[in-house]
Amino acid sequence: MNRTVQILTGIWVAGVTVAAFLWLPPAEGFRSPEAARIVVFHVPCAMLTFVAFLVNAVYSWKYLRSRDPLTDSKANAAAELGMLFAILATVTGSLFAMEQWGSAWNWDPRETSIVMLMLVYAAYFVLRGAVEEKSKRARLSAAYALLAFPAMVFLIWILPRIVESLHPTNTLFSRSGLDPKYRITLWSFFAGLLAVFVWMFRLRLRVEIAEARLRRQHRRDTMPEATPAGETR
Amino acid sequence: MNRSSSWAHEAIAVFAKDWLLELRTRVALGAVVLFAVTSVVASGFALAPPSGVPAEVKAALLWVVIFFAAVAGLSRVFVVEEETRTADALRLAVSSTGVFAGKLAFNAVLMWTLCAITVPLYLLLLEAPLRNASLLVIVVLLGSTALACATTAVGAIVAKATMRGALFGVLSFPVALPPLLVVIHATKAAWLSDNAWRVAAGDLQVLSGFMLVIVPASVLVFEHIWSE
Amino acid sequence: MNPLLTYMIVPLLIWAGIFGYLFWLDMRLRALEKRLEEEGHR
C-alpha cells in the first residue's frame, strides 16, 4: 500500500466517523436512540473478525498445499488481527449492551460465541508457542486452524439461530431490515476497516520478514561453518 | 482389492492392534474411568438431593465431567505411537486415512465405555430426574461419538508437540465446544421435558451435522499432521 | 452515563485499538531494521 492509498484510507474512515455523528439520525425505538448508533461501528468490527479468521483458514489451507513459510506468516498475521477485531467488537458490543439492555454482559448467544471464538484462537497461539521447530509449527497450527474453522462457523452462524438471542438475525442483507442511512454508514465503515485491515496485515508481514532475515543473519554470523540445516531438527 | 475396502481393512487392523495393546496395559481406560468415577463421586457427595441443585446444573456438570475425563485419555492413542517410536513403522505400513479411521474408532469405543460407566453412576448418585430414557441413550451415544470425532485429530496434533498433557485440554476444548453446548441442551430435555423428542430434535440434527463436517475435515487435515 | 458520551467513546476505542496496534508494529519494524543494518555493517 503506498502513501496515497494510506492517506485516502485515513480520510475515508475519518469522514465516515464524522458522518456517523452529524449525518446519521438517532435510532428511534431503542432505549437510548443516541447510543444505539453504536451498531454502525460495532457490527463492522464483528464482520472483520469473521473476515480475518476466514483469511486465516484460507492461508492455512494454502500452507498445507504449498509448504511456503511466508504463507504460514500470513495465516498467523490474520489470526492476530482477528483477535484484535474480536476484542474491539466485544468492547463496543458491551458498551451497547450497557446502554440498551442494562448490563454489559448478558450471556447472549452472540456474546458467548465471540468469547468462545477468542478461546479458539487463543488456543491457536498457545499451540504456536508450544512447537519449537518452524516447519512443524506451521504444519500443526495450519491443521489446527482448519479443524477449528467448522467450530467457528457453528458458533457464528448456527448457535445464535438455535438459541434465543437479543441480537437480531438477518438484518444485514435483507432490504427491510435496516434504515438506508444506517446501511450506508455501516457498510462504508466496513469498507474503511477492510482497507485498514489490509494495511495492518502488510505491516505485520513486514515485521515477520524482517525477523526472519535477522535470524538468518545471526546464524551466518554465529556459526559460519554450520550447514544450513538449522531449520530441521 | 479396491481402494475403499483397503483403508477399511487397515482401519480395522489398527483398531484391533490398539485395543489389544490397551487391554494389556489399560493406561487410557484406567485414566479415563478413574477420573470420571472420582469426579462423579465427589460431585455426588457435594450435590446430593438435600442441596437442591437444579437439574440444569446437573446436566451441564455431567458433560463437563465426561469431557474432562475424555481429555485425560483421548490423546493417548497417538502419544503412545510417538513414545514407543512405532509411528514410523505405522506410517510405512498403513495409509493415513486407515490410521485415522482406526484411531477414531478406538476413541469412539473408549468414549462409549466411559459413558456406559459414568452416566448410570451419575444418575444413581446425583438422583437426576429422567423423563425420557430412550432419548437419553441416543443423546449420550451421539454426544460421545461427536466428542471422539472432534478431538481425535487434535490428539494427533498434540502428540507431535511438547507439553502434551496441558496442551490437549487447551486445544480440544474449542473444537469440542459446539457438540458440548448442544448435548447439554438435549440432556436437559431428556431429563425435564414432557415432549422431549420435539425439543431435542434440532440438537440431534446439529450434532449429526457437526460430525458430518468435522470428520471429513479431520481426514483431510490428518494426512498433513501424520506424515513427517 | 450520557448516551452521546457512550457513543463518542466507541469510535475512540476502535481507533485507539487500531492505531495502538499499528504503532506497535511500526516500532517493532523500525527496531528490527535498525538491528539488521547494524549487524550488516559488522
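The values are calculated or read from the model by the stated rules, or taken from the named source; none is laboratory data. Everything quoted here is computed from the prediction, not taken from an experiment. Note: ideal-geometry Cβ built from the backbone for every residue, glycine included; neighbour counts use all protein chains shown.
This table checks each residue for (1) in contact (Cβ under 8 Å) with a residue 24 or more places away in the chain; (2) facing chain B (nearest Cβ under 7 Å); (3) surrounded by 18 or more Cβ atoms within 10 Å (Cβ to Cβ).
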position	(1), (2), (3)
A:127	no, yes, yes
A:130	no, yes, yes
A:134	yes, no, no
A:140	no, yes, yes
A:144	no, yes, yes
A:148	yes, yes, yes
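Quick check on my filter: what residues within the range B:173-228 are among the small types (Gly, Ala, Ser), in a loop (DSSP other than H, G, I, E, B) and within 11 Å of chain A (Cβ to nearest Cβ)? Show your work before the answer.
So in the range B:173-228, the residues among the small types (Gly, Ala, Ser) come out as B:176, B:186, B:189-190, B:193, B:196, B:200-202, B:208-209, B:217-218, B:227.
Still in the list and also in a loop (DSSP other than H, G, I, E, B): B:193, B:227.
Correct list: B:227 only.
Looking at residue B:183 and the list (1) touching a Pro at 6+ places or on another chain (Cβ under 7 Å); (2) closer than 21 Å to residue B:36 by Cα; (3) crowded, with 24+ Cβ neighbours inside 10 Å, which single condition is not satisfied?
Only one criterion is unmet by residue B:183, namely (1).
Could we say that residue A:35 is at pLDDT below 75 and assigned to a helix (DSSP H, G or I) here?
yes
Going by the structure shown, is residue C:21 over 30 Å from residue A:25 (Cβ atoms) and either facing chain A (nearest Cβ under 7 Å) or of a type in the set (S, T, N, Q) (or both)?
So residue C:21 passes the test.
Just checking, which of B:42, B:16 is of a type in the set (Gly, Ala, Ser), at pLDDT 85 or above and farther than 29 Å from residue B:181 by Cβ?
B:16
Just checking, how many residues over the range B:25-60 are under 22 Å from residue B:190 (Cα atoms) and surrounded by 14 or more Cβ atoms within 10 Å (Cβ to Cβ)?
Residues in the range B:25-60 being under 22 Å from residue B:190 (Cα atoms) and surrounded by 14 or more Cβ atoms within 10 Å (Cβ to Cβ): 11 in total.
I need every pair where a residue in the range B:7-24 that is farther than 13 Å from residue B:110 by Cα has its Cβ under 9 Å from the Cβ of a residue that is small (Gly, Ala, Ser) and loosely packed, with under 14 Cβ neighbours inside 10 Å, sequence separation at least 6 or different chains.
Hits for this filter: B:10/B:93; B:13/B:93.
Would you pick out the residues in the range B:203-228 that are surrounded by fewer than 22 Cβ atoms within 10 Å (Cβ to Cβ), closer than 23 Å to residue A:140 by Cβ and not hydrophobic (A, V, I, L, M, F, W, C)?
Answer for the range B:203-228, where residues must be surrounded by fewer than 22 Cβ atoms within 10 Å (Cβ to Cβ), closer than 23 Å to residue A:140 by Cβ and not hydrophobic (A, V, I, L, M, F, W, C): B:216, B:223, B:224, B:227, B:228.
What number of residues within the range B:130-162 are crowded, with 16+ Cβ neighbours inside 10 Å, more than 14 Å from chain A (Cβ to nearest Cβ) and among the β-branched types (Val, Ile, Thr)?
4
Of the conditions (1) of a type in the set (Asp, Glu); (2) at positive phi; (3) within 14 Å of chain A (Cβ to nearest Cβ), residue B:127 clears all except one; give me its number.
(3)
Filter the range A:82-108 for residues that are touching a residue at least 40 places away in the same chain (Cβ under 8 Å), of a type outside the set (A, V, I, L, M) and within 23 Å of residue A:121 (Cα to Cα) and give the result.
The answer is A:85, A:92, A:93, A:106, A:108.
Identify, please: which residue in the range C:24-42 is more than 7 Å from every other protein chain (Cβ to nearest Cβ) and basic (Lys, Arg) and is, among those, nearest to residue A:24 (Cα to Cα)?
C:30
Looking only at the range A:96-117, how many residues end up being of a type in the set (Asp, Glu), farther than 22 Å from residue A:145 by Cα and assigned to a helix (DSSP H, G or I)?
Residues that pass the stated criteria total 1.
May I ask you to list the residues in the range A:118-149 that are of a type in the set (S, T, N, Q) and either within 19 Å of the chain's Cα centre (by Cα) or at pLDDT below 85 (or both)?
So the first thing to find is which residues in the range A:118-149 are of a type in the set (S, T, N, Q), and the list is A:135, A:141.
Hit for the range A:118-149 is A:141, nothing else.
The rows are residues; the columns are (1) part of a helix (DSSP H, G or I); (2) in contact with a strand residue (DSSP E or B) (Cβ under 9 Å, 6 or more places away or on another chain); (3) modelled with pLDDT of 85 or more; (4) aliphatic (A, V, I, L, M).
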| site | (1), (2), (3), (4) |
| --- | --- |
| B:7 | yes, no, no, no |
| B:12 | yes, no, yes, yes |
| B:36 | yes, no, yes, yes |
| B:59 | yes, no, yes, yes |
| B:68 | yes, no, yes, no |
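Which of (1) under 24 Å from residue A:207 (Cβ atoms); (2) in contact with a helix residue (DSSP H, G or I) (Cβ under 8 Å, 6 or more places away or on another chain) is the odd one out, the single condition residue C:9 does not satisfy?
It is condition (1) that residue C:9 fails.
Name the residues in the range C:1-18 that are part of a helix (DSSP H, G or I), farther than 25 Å from residue A:77 by Cα and more than 7 Å from chain A (Cβ to nearest Cβ), would you?
Once the filter is applied, which keeps residues that are part of a helix (DSSP H, G or I), farther than 25 Å from residue A:77 by Cα and more than 7 Å from chain A (Cβ to nearest Cβ), the range C:1-18 yields C:5, C:8.
Hey, among B:118, B:145, which residue is under 13 Å from the mean Cα position of the chain (by Cα), farther than 20 Å from residue A:149 by Cα, in a helix (DSSP H, G or I) and at pLDDT 90 or above?
B:118
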